């Protein structure tokens, strides 16, 4: 079984052991996709956890009972496999004796991993799974920093309903995964409330990168609005093939992809006019005790890893920060007491206010963005218009 083990050490300029004794270490462990179909998004969390741990250590570590302790990071590659992720999380807890767990990427894997955290009563804070059914099992040891998946397309549908010319019909496409099915469930409700007719509602396999037959049907339906729930590779393939098939909705929105710099770089001009969803943007005015602010964090991350952080990255860093704050409030490494501190958390961070609902999931508003001249422009959130959409999207022949 292939396993990739990583350690995140102190940031450059801080001598190992100079501020912390060898036994003064708090180990955060995770199984995260570093290979397989989720490796693209999995890298965001590897980088997020790494910079988060390094920054906390550089800022003095975590103070427990009057003593400063270093954070350390132990990661395994779950190869995008839920069953392997569960086995590796078990190993982290039982053999590696990590103190606490960080989460994997994607809801299906988070569901499997959360069962391990609950079984061994070790907290897991995860920023890679948004499906509500991660949190509806009554588990006490799982906490999530992504907003509920059923809310993802709410701002897109609400803005579409207010647009001129009006959006009257929609096509919904979603992969056969926990996150995307949850997005679809919520989207149907928002469309019904907005009185937008759903003329196409189709599930696809997440490994599918050929949307030609689906696009043929969508083109025949000629919907005003197209909504696609999937991973970044799905979004990229759908947009490229939409251009080739000359599919021209007035508005097309995607759950994953548009907020990332890699997405815009990969598509180039084809990314223009595309709508996306995010809980976080790098220029948000959010203070942070470790990084200073969201913009300062974004610059540090860009300088270190060479790409612009998106909400996945910010959510992953928030997981590390949540542990620092909760452990210091608990004043102990006792898992049950840290769990209680996480449940009661209400703290500002670069990602926003970390406060979990009774099920363990954060509640943050989703923001609809559009790519305009290579930039992310916030358009709509919480029932409020934030910017001007370039609407309707011109046909491919006129771009």
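Tally the residues that are under 24 Å from residue 141 (Cα atoms) and either more than 23 Å from the chain's Cα centre (by Cα) or surrounded by 21 or more Cβ atoms within 10 Å (Cβ to Cβ) (or both), restricting the search to segment 353-399.
6
Is there a residue in segment 2-14 that is modelled with pLDDT of 95 or more and closer than 19 Å to residue 125 by Cα?
So far as segment 2-14 goes, no, none of its residues is modelled with pLDDT of 95 or more and closer than 19 Å to residue 125 by Cα.
Only one of 63, 70 is in contact with a helix residue (DSSP H, G or I) (Cβ under 7 Å, 6 or more places away or on another chain), surrounded by fewer than 19 Cβ atoms within 10 Å (Cβ to Cβ), modelled with pLDDT of 95 or more and in a strand (DSSP E or B); which?
Among 63, 70, only 63 is in contact with a helix residue (DSSP H, G or I) (Cβ under 7 Å, 6 or more places away or on another chain), surrounded by fewer than 19 Cβ atoms within 10 Å (Cβ to Cβ), modelled with pLDDT of 95 or more and in a strand (DSSP E or B).
Restricting attention to segment 301-313, which residues are in contact with a helix residue (DSSP H, G or I) (Cβ under 7 Å, 6 or more places away or on another chain) and within 12 Å of residue 51 (Cα to Cα)?
If the condition is that a residue be in contact with a helix residue (DSSP H, G or I) (Cβ under 7 Å, 6 or more places away or on another chain) and within 12 Å of residue 51 (Cα to Cα), then 301, 304, 305, 309, 313 are the ones that fit.
Matching residues to (1) modelled with pLDDT under 95; (2) within 17 Å of the chain's Cα centre (by Cα); (3) closer than 22 Å to residue 224 by Cβ:
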{"residue": "236", "(1), (2), (3)": "no, no, no"}
{"residue": "244", "(1), (2), (3)": "no, no, yes"}
{"residue": "276", "(1), (2), (3)": "no, yes, yes"}
{"residue": "288", "(1), (2), (3)": "no, no, no"}
{"residue": "291", "(1), (2), (3)": "no, no, no"}
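What residue, among those in segment 167-206 that are assigned to a loop (DSSP other than H, G, I, E, B) and touching a strand residue (DSSP E or B) at 6+ places or on another chain (Cβ under 6 Å), is surrounded by the fewest Cβ atoms within 10 Å (Cβ to Cβ)?
Here the residue is 176.
Testing residue 329 on (1) surrounded by fewer than 23 Cβ atoms within 10 Å (Cβ to Cβ); (2) in a loop (DSSP other than H, G, I, E, B), one condition comes back false. Which one is that?
If we test residue 329 against (1) surrounded by fewer than 23 Cβ atoms within 10 Å (Cβ to Cβ); (2) in a loop (DSSP other than H, G, I, E, B), just (2) comes out false.
Do we have residue 40 as surrounded by fewer than 23 Cβ atoms within 10 Å (Cβ to Cβ), at pLDDT 95 or above and assigned to a helix (DSSP H, G or I) here?
No: the conditions fail for residue 40.
Only one of (1) over 29 Å from residue 93 (Cβ atoms); (2) touching a strand residue (DSSP E or B) at 6+ places or on another chain (Cβ under 9 Å); (3) modelled with pLDDT of 95 or more is not met by residue 328, so which one is it?
The number of the failed condition is (1).
For (1) surrounded by fewer than 24 Cβ atoms within 10 Å (Cβ to Cβ); (2) not assigned by TED's automatic domain parsing to the domain that holds residue 388, each residue gets a yes or a no:
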residue	(1), (2)
232	yes, no
263	yes, no
292	yes, yes
295	yes, yes
298	yes, yes
302	yes, yes
308	yes, yes
317	no, yes
323	no, yes
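In contact with a strand residue (DSSP E or B) (Cβ under 9 Å, 6 or more places away or on another chain), within 18 Å of residue 32 (Cα to Cα) and either modelled with pLDDT of 95 or more or not in a helix (DSSP H, G or I) (or both): is that true of residue 318 in this structure?
yes
How many residues are assigned to a strand (DSSP E or B) and more than 20 Å from residue 148 (Cβ to Cβ) if we restrict to segment 380-393?
Qualifying residue count, segment 380-393: 1.
Select from segment 357-379 the residues that are assigned to a strand (DSSP E or B) and within 17 Å of residue 149 (Cα to Cα) and list them in ascending order.
361, 362, 367, 368, 369
Quick check on segment 121-129. Is at least one of its residues within 27 Å of residue 305 (Cα to Cα), in the same structural domain as residue 292 (by TED's automatic domain parsing) and free of Cβ contacts under 8 Å to residues at least 60 places away in the same chain?
yes
The values are calculated or read from the model by the stated rules, or taken from the named source; none is laboratory data. Predicted model, so just to flag it, every value in this text is computed and none were measured. Every residue, glycine among them, receives a Cβ derived from its backbone with ideal geometry; neighbour counts consider all protein chains shown.
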